[in-house]
Structure formats: C-alpha cells, structure tokens
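I have placed the structure first, in the form of structure tokens, so that the comments after it can refer back to it.
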Ligand SMILES: Nc1ncnc2c1ncn2[C@@H]1O[C@H](COP(=O)(O)OP(=O)(O)OP(=O)(O)O)[C@@H](O)[C@H]1O
Ligand SMILES: [Mg+2]
C-alpha cells in the first residue's frame, strides 16, 4: 500500500476531532438515515408532508418508543426481553379493570390504574430478571416463557374479553394535542426517553448498566453484583411495558388480552436500528427514539405510497437487516476512531 | 545475508498514535531475532502487520523475496507464518483439543470429527510443551499460563517457516520457560526462523542471535546479541540506565497482621492452606504454573466458591461470599487475566479506573465527570499509561499499558490489602521500576501486599517473605534472608516429584 493511498485514514486524529467523529458515526448516522427517509417520502408520497400525517406518526410511535426505552436497558446489559408485548396486554386489562371500577372517582381510578399497570409490569420484569440470573438461564428463554404466561394471565383477568368504558376525562386526555402539535401520548413517550437518557448518561446506575454489558465478570471482580443491575434492567423493561399499556389505553381506550401481539419485535427492532449492540455494552437511548421513528416513518410512508400490506413487512424486514449490517460496519469504524 | 523477511520503511498510524514509522528491518533465514521496546513501542503492531491483522500505511514487506501483503490472518498462515499473539485468542467454550486443531480437525467419513484421533494428537502436542492436562478440558477452566502453553502448542502443530512469539513467557515460570526454549532451539536446528518478543531481558540471551530495539515506533538499532549485556539492552530501550531495579526498601516498618487466612479449603480434594500478611509487608507467592496460587487467591477473594476457612482482616473474622464482600472489607484482587476478568475492553480508560469506586466520583448517584476525569488523569500520569487520552478505549492500548490500567483501578479504590496476581505481566522494564516504586509507597503507607508472580527474580527482589505453592499446597515459607532461587524452585517442585 502506498503512502498516498489512504491519506484520510492515516492522519492522526486529535482527541477533540475523534470525539466529534465518534458522535457522527455513532449517533448522527441513524439520525441522518431518518432525515433522508423522511425527505424521500416527503417528496414521493402524497399527503406525507402534512401536519396531519406528522401528528399521526407521533401518535403511532408512542407505544413502541416507550417499550423500546425499557428494552434498551435490557439489551445494554446483554439480555433480551421477548415478553413486553404480552406484559403490555396484561397491563392493559389490569389497568382497564381498575379504571372502570364505579366505586372510585375518575381521578382516583386513573391514578390507581397507572400504579397498577406499572406495578404489574415491574413485577413481570423483575421475575424475568430474577429467574434468569438466579438460575443462569438465557433471558431469551425466560422471557419467552413470560410471554406466554402474561398472555394467559391477561385472558384470565379479562375473562377473555375486551374491557371498555374508560372514564371520559381519561379518553379526552388521550386525544389531547398540546399546543396543536404535541399529542399528549407522544409527550409521555418523550418523557420516558428523557428519563432513560438521563439515567444512562449521568448516573452511577447507568454507568453500571453499560459496564455489566461490556464484561460482567470484570464488574463482579471489581466488587459489584452484576446480577443486581441485570434484574434492575428487566424490571425497568417491565415498568415501561406498564407505562406503554397506559399509553395504549389512552390511544385505543380499550383493555384487551390480545393487545401487543408482536410489539416486542418492533421494540427490539427500534433498539437495534438505533445502534444498540445486541451483545451489550454499547448503544444509546436517543438512538432508540430515532430507530422507532424510522420504523414508523417507513411504515406510514410505504402505506401512503400504496405499497400493499403484503409488501410492507418485506421492506421493513430488509431495513432491519440493513441496520444490523451497518451496525457491524459502524463498529469497525468506531474502533478505528477511538 | 539471506533474508527471509524484510521490511522497507514500514509505517502504521492509528488515530491518535503513530505506532510504527519508517521501520526497515531484515530477518535472516534461520535466525532467532529478538524484538525489544517499551510498552507501546510498536512491537505487537509490527507483528500484526505480519499476521495480516493490520495493513501498513506506508512501506513494503517482502517474505522469501516476494512482496508480502497479507489481507487476513489466513493469508499469513498460508505463507508459512505462525504467530502466537500477546493477547490470548482461544475459544473458551471449546476443549483444549478442539482449540489446538480447530483449523484442521481430523475427520472420518461424512465430515464427522474423529474424536479419538483429535485427543491423541492433542495429548502429544501438549506433552511437547509440558502441559499435563486432559485435552478434553474446556479452555475456560484453564489459568492464563496454561492458555499460553496451549497457544504455543497450537502454533507448533503446524509446520511453519517463520514462527513469531509475542511475549510468550510473560506468565510462565522457569520450568515452562526452560521447555519452551528447548523447543525453540529444536525448531531453530530444523531451520525455522523465529521472531521473539519479551520484556524479560535476562532470558533473551539464551536463544537470541540478533536484537532489534524499537522506541516510539521507530527502529533504534539492530545488533548482534553476542557481547551485549542487560544494561546495554535497557539503555537501548529507554535511553537511560536503571540502577537498582527493585529498590528494596528496608526502612519500612511492619505493623500488625493485615490479613490472616486459616485453613482455607477450596474443595474436598485440595489441601487446606494458611498464610498471613502484615501491614507494610510485601508477601511473595511462588509456585509453578498450575500450582494453585491463582485459585487460592480467587477463593480467598470470593471470586470462586470455597468450602471452608477463616479469613481475618485487621484481626476480625470476616465473611466473604462474593468479591463485593472482599472489597467492602478492604481487599483488592488484581487478576492475572486482564482481558477476560480485569478490563472493560470497549470502554475508555477513565471508566475502567473508576469502576472500583464510583462513590468517590459521584454525588447523590450522579457521576461528576470532572472529578472522574481528574482522578483518572492523576493515576494515568502517576503510572505513565501511554494513551491518546483517558477517553481512548482500553482495547486499543498496548498490552503493558492495559496492565497499568488494571493496576490503576485498584489504586483508585485504595484498599488496605492488595492481592496482585502477576502485576507486572507484560510491563516494560522502565514501567516495572515505576510499579515497584509504587508498591514501596503503598507498603510505606502500611498496606499489606500479596504479590503472586511467575518471575522469581522479581519476587526475590521485592518481597519480605515468600510462600511457595506446590500442587495446591503451601510447602514452605522462606524469609528474605534465606532467599535462594534453587531452594525456592526445589520447593515448588516438591509435590510433583514425590510419588
Ligand atoms: N487499534 C489501535 N487503535 C489505536 N491505537 C492503537 C491501536 N493498536 C495499537 N495502538 C497504539 O499503538 C502503539 C503501539 O502499540 P503496540 O501494541 O504495538 O505496542 P507494544 O510495543 O506491543 O507494547 P507492549 O509491550 O505494551 O505490548 C500504542 O501507543 C498503542 O496505544
Ligand atoms: Mg505488545
């Protein structure tokens, strides 16, 4: 190889520039992809670039974003949570059941429902984490079990029927569009992402999540209990499934035992497209938000373009695979920059 | 000179580091060529160019008179170059035999692996390097030195024209080194060319013909080894003399017993062991590879389960079920396997250092990045870790500098008793001297220090007392006044020669 063949790669990079490059490659890449896809559909798909459509996308994105936020924690520790979809279903029926209790005033009912959703989700998540660390079982298996158990529990609780008749004030809040551009349920999603971002970036706990995913044995030998952080990550994922269930109730106004089928895969896809590595230790929750946006923009855009429901999943599947390929490539680039 | 390998103006630049620049070097056919240099001098990078792991940014390489541009490690193997890398690269969940023969598994009809042939060939290979272990053992169960021997055996299982050994002896004890050297001599007699990298300067005279010294990525000189001395090599490497390598500090007062271990039993099959270390004392732990030193320390620290035994810290019995208990009671364990157990390879230097005590750089659960950076920079400066910045991923540091990061993380924690398993593994002589000084500082601050090392001269230079392991048993305790290499080695052998 001659000296001139790779002048760019060969130039030493100053720490500041390395930092910038690292940001561009790691975080800006997906963002750029989102911008390009949005641009593409804006130019090609009718009605895509309208405020009504933008609002619709914001609304549709909310549930997946909340689920994916918790999923990011789990995947960062090197685990996976397949149960979030049916945990969400369980939480919707639990939440709806509490909410339609006529002996309670609407405000109390709604508050109790929120707490019940979060508690139910957190307990499911805790069990996922506790079982997989206590008996050293891959989380893939444990959460697959939980997927079935929670789905069954949802049927039991709801007596296999859809629960309707939520308080009017609750339904109204779900339809609220703050300032004419910010749907209330999207605000919930953004708040969850913001909280996750803060925790992962600034707290000791967040640091430990990354460390455990990078090398849990080294963490253990440094005097910590890695299992604690793994269980916590699963609990967070369950908790966000509970919050997502509330969002589901806000949006669709029904508690349903068949809600959330396949949601776990969308959540995982958002996390992976967002650049979080399935092997743990690397990723960002902002990426997850962008990943969720990409998925929804694609789905809506393709629909507006008239791509049939049969072809849409094919395209989306391809994009997911592409994202993982890009991720591997990005890893290589990052190694050179650090 | 008939050169088998020649490099012309070779350069390699990483973001933030010039690893090699304008290196021109010829390796003569059949010679054993030693490469020396400080940590981060570019030795391993040079080897990785030969291995096809990196490609040079400038210059050219010729092998056997032909231009040599390997794109992958496989290319290098096809050309007849075999490399034992500094960092171990075995597959932990496969057996030793499978690892040894991975590229060429013996097969029967239908591609089924011939298990019998596999194991019998593996036994023969292991015997050659003197590793007496069932080849069906999974690699994850081995200690670092044993893995090193497996790597060497693996390289030997192929006929090669050029064999490269990057710090093969960093974890080996004298008998294994002896055996490795006799293998090297045998290969040399068969005409194999050998490139050999080491930080143990005394050993290179036994096998080397010529020596090349690198400094900051540049070639300082290539000389015949004959007529050179260790101080000459040191001067070539670091540009100055090192007067008293160990700097034993006789003025340090010893205090009360810091850590006392009584009848520690790992499992039913291993004997119980007892030892203690005082405040201000450096206790050496000697023994052959696989003699149970590391395992005993791990059990004590709670890293592995133990059956029985009393651990007292500062005179009080403590219960240690997991490393977190040990750390809470003021123990540190620097593990021998830095890659697998010590480091968060993909995380930056600062986060690796502060992981042992995030409480020190946080308030109300929030990390104070400024304080963290300051603490990390402090230790990086103190240990002279060569890194682009504290934000560089540890993976991209040279081996010796990674080792310094592992040490730094326990210094950051600042516990009252430190167990150091191979603390100077792969560290260059200048930096070693700095680490030794640091240990004396710690001792003067009345810390208790347990030093496990396969480098016997190092133990004899640094320790107040040495306990010797032989087949999982402590067979002797030697006070400084009675230090004698022969005597300590014979103790280390004791349980293996007796029926
Ligand atoms: N992938 C990489 N990215 C960035 N810098 C690197 C990379 N690999 C090596 N370096 C840098 O190149 C320099 C040379 O490293 P190298 O591993 O060759 O040193 P070495 O001589 O083998 O040292 P040691 O004795 O510690 O093993 C070091 O400063 C190191 O940090
Ligand atoms: Mg090296």
Q.
The conditions are (1) at positive phi; (2) within 16 Å of ligand 1 (Cβ to nearest atom); (3) modelled with pLDDT under 90, and residue B:59 fails exactly one of them. Which is it?
A. (3)
**Q.** Residues of the range B:387-414 satisfying the condition of being under 16 Å from residue B:434 (Cα atoms) and within 8 Å of ligand 1 (Cβ to nearest atom)
**A.** B:400, B:401, B:402, B:403
Q.
On the basis of being under 30 Å from residue B:324 (Cβ atoms), touching a strand residue (DSSP E or B) at 6+ places or on another chain (Cβ under 8 Å) and within 10 Å of chain B (Cβ to nearest Cβ), does residue A:214 make the cut?
A. no
Q | Odd one out for residue B:395, checked against (1) within 14 Å of chain A (Cβ to nearest Cβ); (2) away from ligand 2 (no atom under 15 Å from the Cβ) | A | (2)
Q. Limited to the range B:314-330, what total is found for residues that are under 19 Å from residue B:278 (Cα atoms), in contact with a strand residue (DSSP E or B) (Cβ under 8 Å, 6 or more places away or on another chain) and buried (at least 21 other Cβ atoms within 10 Å of the Cβ)?
A. 1
Q.
If I go through the range A:240-256 residue by residue, how many of them are surrounded by fewer than 24 Cβ atoms within 10 Å (Cβ to Cβ) and touching a residue at least 60 places away in the same chain (Cβ under 8 Å)?
A. 5
Q | Selection within the range B:340-360 - more than 9 Å from every other protein chain (Cβ to nearest Cβ) and surrounded by fewer than 23 Cβ atoms within 10 Å (Cβ to Cβ) | A | B:360
Q.
Among the residues of the range A:108-120, are any farther than 30 Å from residue A:179 by Cα and surrounded by fewer than 19 Cβ atoms within 10 Å (Cβ to Cβ)?
A. yes
Q) Across the range B:378-394, what is the total count of residues that are crowded, with 16+ Cβ neighbours inside 10 Å and part of a helix (DSSP H, G or I)? A) 3
(Q) Go through the range B:366-386 and report how many residues are in contact with a strand residue (DSSP E or B) (Cβ under 8 Å, 6 or more places away or on another chain) and within 12 Å of ligand 1 (Cβ to nearest atom). (A) 0
Q | Residue that is within 29 Å of residue B:271 (Cβ to Cβ) and within 14 Å of another protein chain (Cβ to nearest Cβ), where the choices are B:455, B:484, B:421 | A | B:421
Q.
Residues that are within 14 Å of chain B (Cβ to nearest Cβ) and under 30 Å from residue A:170 (Cβ atoms), at least 2 per element: which helices (runs of 4 or more DSSP H) completely within the range A:244-338 meet that?
A. none
Q: Starting from the range B:388-404, take each residue that is more than 24 Å from residue B:197 (Cα to Cα) and list its partners that are near ligand 1 (Cβ under 8 Å from one of its atoms) and modelled with pLDDT of 90 or more, counting only C-beta distances under 7 angstrom and pairs at least six apart or across chains.
A: none
Q: For the range B:116-136, indicate whether the set of residues that are within 16 Å of ligand 1 (Cβ to nearest atom) and within 28 Å of residue B:303 (Cα to Cα) is non-empty.
A: no
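The values are calculated or read from the model by the stated rules, or taken from the named source; none is laboratory data. Everything numeric in this text was worked out from a predicted model, so none of it was measured. Here Cβ is always computed from backbone atoms with ideal geometry, including for glycine, and neighbour counts include all displayed protein chains.
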